[in-house]
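The values are calculated or read from the model by the stated rules, or taken from the named source; none is laboratory data. All values derive from a computational prediction rather than experimental measurement. Glycine gets a Cβ as well: all are built from the backbone with ideal geometry, and neighbour counts include every protein chain shown.
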Amino acid sequence: MSHWAPCKRRDFFSRLRKLGFRGPYSGTRHQFMIYGEYRLTYHPMSRTLCRS
């Protein structure tokens, strides 16, 4: 069974693009990605988790 582990920002964004997100775009303070009418903000100080 796969588990969640930290991953690099570039890998995180590429996986989101495969799911249909657009971006990343530069916002006022943080980068964000868009899926339809939803906005997902990336905070660089938070831990980014990806399935391995």
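Would you say Phe12 is touching a residue at least 12 places away in the same chain (Cβ under 8 Å) and either surrounded by 12 or more Cβ atoms within 10 Å (Cβ to Cβ) or under 11 Å from the mean Cα position of the chain (by Cα) (or both)?
Values: touching a residue at least 12 places away in the same chain (Cβ under 8 Å): yes; either surrounded by 12 or more Cβ atoms within 10 Å (Cβ to Cβ) or under 11 Å from the mean Cα position of the chain (by Cα) (or both): yes.
Yes, satisfied.
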**Request:** Go through segment 40-52 and count every residue that is surrounded by 10 or more Cβ atoms within 10 Å (Cβ to Cβ), hydroxyl-bearing (Ser, Thr, Tyr) and either touching a Lys or Arg at 6+ places or on another chain (Cβ under 6 Å) or closer than 25 Å to Ser2 by Cβ (or both).
**Result:** 2
**Asked** If you take the residues in segment 27-39 that are at pLDDT 90 or above and assigned to a strand (DSSP E or B), which one is surrounded by the fewest Cβ atoms within 10 Å (Cβ to Cβ)?
**Response** Tyr38
**Prompt:** What is the one condition in (1) loosely packed, with under 14 Cβ neighbours inside 10 Å; (2) outside any loop (DSSP other than H, G, I, E, B) that Pro24 does not satisfy?
**Reply:** (1)
